[in-house]
Every structure is written in C-alpha cells, then in structure tokens.
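Here's the structure, in structure tokens; my notes come after.
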Amino acid sequence: MAQAAEGRPWRGPTRPYDLVKEFTIATVVVTLLVVGLAVLLGSPDEKAVTLQGWAKAAPADFAGLAQAQHLSGSQWGMMNETGSFPGQAWLWLYTFWYQISPFNHSGNGDALVWAVMAVLVLAFIFVPFLPGLRSMPHRLGVHRLIWRDWYSRAR
C-alpha cells in the first residue's frame, strides 16, 4: 500500500539541470525587463515630489496636515493615530487592549498593555514546547480534515 501511495519511480528521459545558470538567466531577464519598463514609462522631465520639498514649498500646509493627522509628536504612548484609525494597522492587537478596563482608565496603561502583549507573545512562541497544546491539532483530527482528499484516495 505504501508503494502505491508514493508512486512509481520515474523511468522517462532525464537531462542535467544547472540551478546557477537558471538563476543567472532569470536575474538578467528581470533586470532587462525592469530597466526597459523604467525607460519606457519613466519621465525624466518631472522632478519627484519629496516630503522635504513639500515642507519647504508650503510649510503651513505641511504642518497643518501633520497636526490634523496627529503626527506632530505631541501624543504619548503607543497610540499615535493616523487619520481616523486608532493607531497603525499592524498595532490592532495593542489598540484593542486600550478599549477595555483596566487599561483605558489606568495612568500606567502603556506598561500594562506591554506586559499583556509580552505574555501573549511568549505563550505563542512556546506553544510547540507545551505538551498539551502541541498535540491538540492531532487529537482534534485537523490533519485529517485538511488532507481528507488524500486519505480518501489512499483507501
């Protein structure tokens, strides 16, 4: 049964394969494509707009937008909002803790949230080493659900 599941050995024609050669060809092709598209689609006549150039050309506009977006550095903690969002998108789990007690009423909320997140991260890191948790997917049969097509064909 194991031999049938693994398949028969290859008996067709073979040829040598040079991975370095394939990588070199792929790199040259991609480089030529990037340079060609840059030449074709690029515009050397227009200078790029940079933050420094914008801040020098219209300082009031630049500072006003920074203040409106809460980017002036006047806020403390992890909650440096951008626009109408409660913090950076990748900090969603941190911002969640600021919405519930005791974190939203504590003067030491940042330290409390940091401690909770440190415990959660450590728990996630050590899942493979915790005997009860690491065997849960096997005990629940998650692998059979994922590989159900293979198991149905193997019988």
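A compact table of results
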{"item": "Under Karplus coefficients 6.51, -1.76 and 1.60, residue-wise ³J(HN,Hα) of the stretch 118-132 in Hz, glycine/proline x", "result": "5, 5, 5, 5, 5, 4, 5, 5, 8, 3, x, 9, 8, x, x"}
{"item": "Gain in span if fully extended, M117 to L65, counting 0.36 nm per residue against the direct Cα distance", "result": "15.5 nm"}
{"item": "Virtual spin-label span in nm between F23 and S43, 7 Å along Cα→Cβ", "result": "3.9 nm"}
{"item": "Rough spin-label spacing in nm, given labels placed 7 Å along Cα→Cβ, for S152 and T50", "result": "6.0 nm"}
{"item": "For Y151, Y17, Y98, order by how many other beta-carbon atoms lie within 10 Å, fewest first", "result": "Y17, Y151, Y98"}
{"item": "Using θ = phi - 60° and Karplus 6.51 cos²θ - 1.76 cosθ + 1.60, couplings along the stretch 101-107 (whole Hz; Gly, Pro as x)", "result": "6, x, 5, 7, 10, 8, x"}
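Every read-out reported here was derived from the displayed coordinates using simple, explicitly stated rules and does not represent laboratory data. As the structure is a computational prediction, the values presented were derived from the model and not from experiment. No Cβ is skipped: glycine too gets one built from the backbone with ideal geometry, and neighbour counts run over all protein chains shown.
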